[in-house]
Amino acid sequence: MSEDYQRLLDSTIDHLQSLKARGTRFLSIETDTLALLQNVAPTRVAAPAPARPVAPERIFSAETPIIAPAAPVIVEIPIGPILSREEKEVAMAELRAKAMVCEKCPHLARTRKNVVFGVGDIHSPLMFVGEAPGADEDAQGEPFVGAAGQLLTKMIVAMGFTRDSVYIANILKCRPDTPGQTYGNRKPTPEEMNTCLPYVQTQIDIIKPKAIVGLGATAIEGFFGKGAGITRMRGKFLTYRGIPFMPTFHPAYLLRNQANTEKRKVWEDLLQVMETLGVTISDKQRGYFLKS
């Protein structure tokens, strides 16, 4: 590549790296600009100047999910280097401290009993993410502790893990407020999820699981935006922040529809996750929820 192009590239990388060091995690880029950048290639010359080596952690990728369908497109600064166990623990503790006092959504901060940050092993290869806390989770400050959570725990055990050996979180860290309602929950809004999304993204960046299971249509919408329904998306691996991401039905759906055919669909999704993780699968496990 030309010397001018190399200098421009070096200056851009230096600027982005300085932004990252100051805590910036997102850049706002107009759709037209992003399209232009993706289609432009440097002019090749007969005798290219030697390129300055660029460390892997300084490479910035535009291959990221679009959080909201409207412009500007949100482009993520990519995941940094792998952290040591001690660095993970410090980083997660710092993130938790910020989340526990977060008031970015004042209406949720006013009505919550607890911030539901996440639980489990931050060194685990497997992470589950749902949409938002319910009443039980809000009361206890822990995700998936109600009836759906009890079923999720059984699913985790059936995979050969324990609840304490995986990491469980939600996109939204506060229970959606329910003004005028004496019971029940409501679906979080896209704005609420987008506001809270950086917390779970940073959790993913710190943990760096080998696989993520997304639970329910709302959670999938929060990560990937509106698109195909969960019925069509489940069972097919997506990629999120460079990590295999399996969409599947929420445990609450299985409580409403307890047909073995629906349980088998979720179990087939989880079998794919187990295979991705290199977990040994027994014949008994492969036969769960099949007709005898």
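Assuming a ≥ b ≥ c are the square roots of the Cα gyration tensor eigenvalues, decide whether region 208-267 counts as rounded (a/c under 1.5), prolate (otherwise, with a/b larger than b/c) or oblate. Prolate. Just grab the label-to-label distance for Q140 and D177, each label 7 Å out from Cα along the Cβ direction, in nm (one decimal). Distance between label points: 2.6 nm.
For region 74-230, the antiparallel share of DSSP beta bridges with both residues in that region comes to about 20%. Partners of K226 within straight-line reach, counting lysines whose Cα lies under 28 Å from its Cα and excluding those fewer than 8 residues away in the same chain: K104, K173, K187, K208, K210, K236, K263, K265.
Laboratory data are not the source of any read-out in this text; all were calculated from the coordinates shown. Not measured: the values here are computed from a predicted model. Using ideal geometry, Cβ is built from the backbone for each residue, glycine included, and neighbour counts are taken over all protein chains shown.
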